[in-house]
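Trainee: Okay, here's the structure, questions in a sec.
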C-alpha cells in the first residue's frame with residue numbers, strides 16, 4: 001500500500017532550497033496552465049472554436065458569477081485577473097492528483113509528485129496572498145487612513161472606543177482568516193487523497209470510480225469557495241462604509 005505522509009517529501013536540493021514532490025507538482029500545474037493559455041490564445045478568432053471557445057466559456061461563467069457577488073461589473077472585471085489566477089491554480093492542482101499514475105512515479109524511492117494543496121505550505125501561501133492582496137486593494141481604493149478606519153477609530157469618545165474594540169476584533173479575524181483558508185483547503189484535499197489511497201488499496205478497479213468523481217467535484221468546489229470568499233472580502237475592503245452610511249441617511 002502506498003505510504004501516506006502528512007508533510008511533503010524532499011527529493012533533492014538546489015543549494016539551500018529543498019525541492020519537494022509537492023513543489024514539482026506545483027511547477028507541473030503552472031506548466032499545464034501556461035500550455036492551456038498558449039493553445040487557447042495561439043490563433044484568436046472572432047468566432048471562437050476549440051480551446052479558445054472553452055477558455056472564453058470559463059472566463060464568461062466566472063466573470064458572471066463574480067458580477068453577481070459584487071453587483072458591479074467594473075469591480076468584477078478589476079478583480080478578475082487576480083481571482084481567476086487563484087481559481088485556475090487551485091483547480092488544476094486539485095485535479096492533477098486524480099490523473100492515473102500521478103502518485104506512482106518515484107524518484108530515489110520517493111513519490112515524484114504530490115498534490116500541491118496537500119502540502120500545508122501551499123494553502124498557507126495562497127491564504128497570505130489572499131489576505132495581503134485584500135488589504136492592498138483596500139488601501140488602493142480608499143486610501144491608507146480611510147482603509148485603516150475599518151480597524152481603528154481615532155476618536156476620544158465612547159463611540160470611538162467601541163469602534164476601536166470592533167476594529168481589533170477585525171484584525172483578529174484577518175489572522176483567523178489565514179488559518180481558516182489554509183486548513184480548509186489543505187484538510188479537504190488531503191482527506192480526499194487519503195480516501196482514494198485507502199479505497200484503491202481495499203477495493204481496486206471499478207469501485208474507486210465514484211470516489212474519483214466525487215473528488216473532481218470537491219476539487220472544483222474548494223477552488224470556487226476559496227475564490228468567492230476572497231472576492232467577498234475584496235468587495236468589503238474596497239467599499240467605503242462611511243460614505244454608504246452617509247448616503248443612506250440623506
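Each reported figure results from applying straightforward, stated rules to the coordinates on display, with no laboratory input. What you are looking at is a predicted structure, and each value in this text was computed from that prediction instead of being measured. Virtual Cβ from ideal backbone geometry, glycine too; neighbours counted across all protein chains shown.
Trainee: One residue is enough: does the stretch 98-119 have a residue meeting the conditions buried (at least 21 other Cβ atoms within 10 Å of the Cβ), in contact (Cβ under 8 Å) with a residue 12 or more places away in the chain and over 19 Å from residue 212 (Cβ atoms)?
Mentor: yes
Trainee: Within the stretch 136-148, restricting attention to residues that are in contact (Cβ under 8 Å) with a residue 40 or more places away in the chain and in contact with a helix residue (DSSP H, G or I) (Cβ under 7 Å, 6 or more places away or on another chain), which residue is surrounded by the most Cβ atoms within 10 Å (Cβ to Cβ)?
Mentor: 138
Trainee: Out of the residues in the stretch 13-22 that are without any contact (Cβ under 8 Å) to a residue 40 or more places away in the chain and in contact with a strand residue (DSSP E or B) (Cβ under 9 Å, 6 or more places away or on another chain), which is farthest from residue 192 (Cα to Cα)?
Mentor: Among them, the one singled out is 13.
Trainee: Within the stretch 206-225, work out how many residues are free of Cβ contacts under 8 Å to residues at least 60 places away in the same chain and either part of a helix (DSSP H, G or I) or under 30 Å from residue 63 (Cα atoms) (or both).
Mentor: Residues that pass the stated criteria total 8.
Trainee: Cβ-Cβ under 6 Å, sequence separation 6+ or interchain: first residue in the stretch 27-47 and free of Cβ contacts under 8 Å to residues at least 60 places away in the same chain, partner surrounded by 15 or more Cβ atoms within 10 Å (Cβ to Cβ). Which pairs?
Mentor: Once the first residue is free of Cβ contacts under 8 Å to residues at least 60 places away in the same chain and sits in the stretch 27-47, its partners that are surrounded by 15 or more Cβ atoms within 10 Å (Cβ to Cβ) give 33/88; 33/92; 39/51; 40/51; 40/52; 40/55.
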